[in-house]
Amino acid sequence: MSPDDGELERLLTQLLRVIGPSMDHPQSAGGCGTGDPADGLPVLSASEARALIELVSARGIAQGELAGLLGLDKSTVSRLAAGLERKGWVRRGRDEENQRYVRLYLTPQGGAVADRLWQAWQSRPARILATLSDDERAGLAAGLRGLVRGLAAEGLLDVAAGASA
């Protein structure tokens, strides 16, 4: 019996969330790693990719806030932001409500890179599954169901949230 593609994509997406930081919406990124020039993606680190995706939804964020979202220390995020600024993907600006704070904002070029990263992430499960035979897909579906069950039992996966993926 062949599993349907929707179920396989859902299960694979759940697994990819556990392997790396969640990417079930543009607010939280992870697992992008370096880009693939064949896909039109620039080469960048996983931290750079995650920061760009966080900035999409933040519409301006303090470096300290970004550090918390990425799970990195402030000095690392400062260097990360400086690198993104040199690439022309981020600009620093004063907070409109409190001029004492400096916030990070995506530039139009940074927004375009973040959009391409997000699209590449969203299509990843389908690209992976397309390489499998019917027998491999059936075996993967059975294995992923068990893995998801085990991860949920360990508290590493919220099955209720994952069921809607």
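All of the numbers you see were taken from the coordinates with simple rules; none came from a lab. Because the structure is a prediction, the values reported are computed rather than measured. All Cβ positions, glycine included, derive from the backbone under ideal geometry; neighbour counts span all protein chains shown.
Some notes on this structure:
- LEU117, LEU66, LEU156 arranged by Cβ crowding within 10 Å, fewest neighbours leading: LEU156, LEU66, LEU117
- Cβ-to-Cβ counts within 10 Å put ARG124, ARG100, ARG145 in ascending order as ARG100, ARG145, ARG124, the fewest first.
- The separation of the stretch 112-163 from the stretch 47-83, counted between C-alpha centres, amounts to 26 Å.
- Relative contact order (percent, whole number), the stretch 31-159, Cα cutoff 8 Å, 6+ residue spacing: 21 percent
- Extended-chain gain in nm, criterion 0.36 nm per residue less alpha-carbon gap, ARG127 and GLN109: 3.9 nm
- Per DSSP, loop GluC sites (Glu not before Pro) in the stretch 69-165 with at most 14 further Cβ within 10 Å: GLU96, GLU97, GLU154
- Here GLU7, GLU65, GLU54, GLU48 are placed in order of increasing Cβ neighbour count within 10 Å, fewest first, which gives GLU7, GLU65, GLU54, GLU48.
- Put simply, the amide H of THR107, placed in the peptide plane, has neighbours under 5 Å in VAL90, ARG91, leaving out anything fewer than 5 places away on its chain.
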